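Here's the structure we're looking at; comments come further down.
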Amino acid sequence: MKVFLCPNREKLAALTAALLAAQIRTKPESVLGLATGRTMEAVYARLVLAHTTQQLDFSRCTTFNLDEYAGLAPTDPRSYHTYMHQHLFQHVNLTAEQTHLPNGMAEDLSAEGVRYDALIQQAGGIDLQLLGLGENGHIGFNEPLASLSSRSRPVVLAPETRQQNAGLFDGNPDSVPPRALTMGTGTILESRRIILTVSGTSKARILQAVLEGPVTAQKSASALHFHNNCLVLADQEAASCLTTRNAIDHAMQHDPELSALQTLLTAY
Ligand SMILES: O=P(O)(O)OC[C@H]1O[C@](O)(CO)[C@@H](O)[C@@H]1O
């Protein structure tokens, strides 16, 4: 795992988007794993800008999102289908056939999880998976105590996740669906490359626990330590509880991959 710190949330979004754009330019037929949440809104805004002003071409990409609420139709304004449509899909040259989210309305949610994993495999696996971090340390909706080798499947959302994501549901956690479909932690770890983007003071303590604490099923993000090509991008607020700042700063100066990010960042 490598960690790169950005001066603020704008640069964090710009760098995350620049790395996604570079992936698409290097491999136009990339299979992208996409995430939702507030952190990603600025990332998608940058990608849309790159599409409209720099001809970033999505026409050969395939996308797979991490998760969807159970019982919400794709047209429901609170669904992640709608989120992705509003923030990215409708603004770039991606057709409906190229984009995938789990079907929260599937009659058999377990079978839908199996189908989703099979679709990812058929597409050749995920080249680059983008991740956000839940305040309880989850990635996707892999809540505390879920197996770190789990496959895509239906899950029960933790109370703190329903609280964190209540914004889309009139601020009422009880209105957030109690269940969801998520890509499994094991499925996520099969991605060839992973970027975890973390922003804000509300994530500072959990980021410290994930990066500096043990690998534990209590925090599925900690399983990222087992991935050999995972980059963590954080802004200063999210990094504010890290006790390993010296080591991170040193690596940012001397690791060629991280120094290249520094150079890329100066363009924004
Ligand atoms: O960026 P935010 O709003 O903090 O949300 C991050 C959340 O989004 C998700 O990606 C939604 O699946 C979760 O992993 C995480 O809870």
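Numbers at a glance
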item	result
Region 135-192, dipole about Cα centre (Lys/Arg Cβ +1, Asp/Glu Cβ -1), debye to the nearest 20	300
Check: region 1-79 dipole with +1 on Lys, Arg Cβ and -1 on Asp, Glu Cβ, in debye	340
Rg/Rg_globular for region 1-127, with Rg_globular taken as 2.2 N^0.38 Å and Rg from C-alpha atoms	1.08
Candidate residues V114, V31: accessible-area rank, largest first, probe 1.4 Å	V114, V31
Order of exposure, largest accessible area first, which applies to T16, T36 with probe 1.4 Å	T36, T16
Loop GluC sites (Glu not before Pro), region 1-45, which have at most 12 other Cβ atoms in a 10 Å radius of their Cβ (DSSP)	E29
Value of Rg to Rh for the chain (Rh from inverse mean 1/r over Cα pairs, i.e. Kirkwood)	0.94
Loop trypsin sites (Lys or Arg not before Pro), region 19-128, which have at most 14 other Cβ atoms in a 10 Å radius of their Cβ (DSSP)	R60
Rounded D (µm²/s) - region 1-48, Kirkwood Rh over Cα pairs, Stokes-Einstein at 4 °C, 1.567 mPa s	112
Theoretical FRET efficiency, 1/(1+(r/R0)^6), r = Cβ-Cβ of T95 and F169, R0 22 Å, to 0.05	0.15
Two-site label geometry, R179 and T216: point separation in nm, points 7 Å out along Cα→Cβ	2.9
Histogram of C-alpha separations across region 136-235, 10 Å bin width, %	16, 46, 33, 5
Estimated inter-spin distance, E29 and A260, nm [label 7 Å along Cα→Cβ]	2.3
In region 71-133, the GluC sites (Glu not before Pro) that fall in loop regions by DSSP, at most 16 other Cβ within 10 Å	E107
Solvent-accessible surface ranking, highest first, for T216, T161, T95 at 1.4 angstrom	T95, T216, T161
With every protein chain in place, region 120-268: carbon and sulfur % of accessible area (1.4 Å)	52
Solvent exposure of region 2-265 as accessible area per residue, Å², 1.4 Å probe	42
Over the chain: helical MRE at 222 nm, DSSP H runs n ≥ 4 each giving -39500 (n - 2.57), nearest 500	-11000 deg cm²/dmol
Cα-projected label distance for T52 with M1, points at 7 Å along beta-carbon direction, nm	3.7
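The values are calculated or read from the model by the stated rules, or taken from the named source; none is laboratory data. Note that the coordinates shown come from a computational prediction; the quantities given were computed from them, not determined experimentally. Cβ atoms come from the backbone with ideal geometry, glycine included; neighbour counts cover every protein chain shown. These area figures cover heavy atoms from the full protein model, side chains too; ligands, DNA and RNA do not enter into them. Shrake-Rupley method; radii C 1.70, N 1.55, O 1.52, S 1.80 Å.
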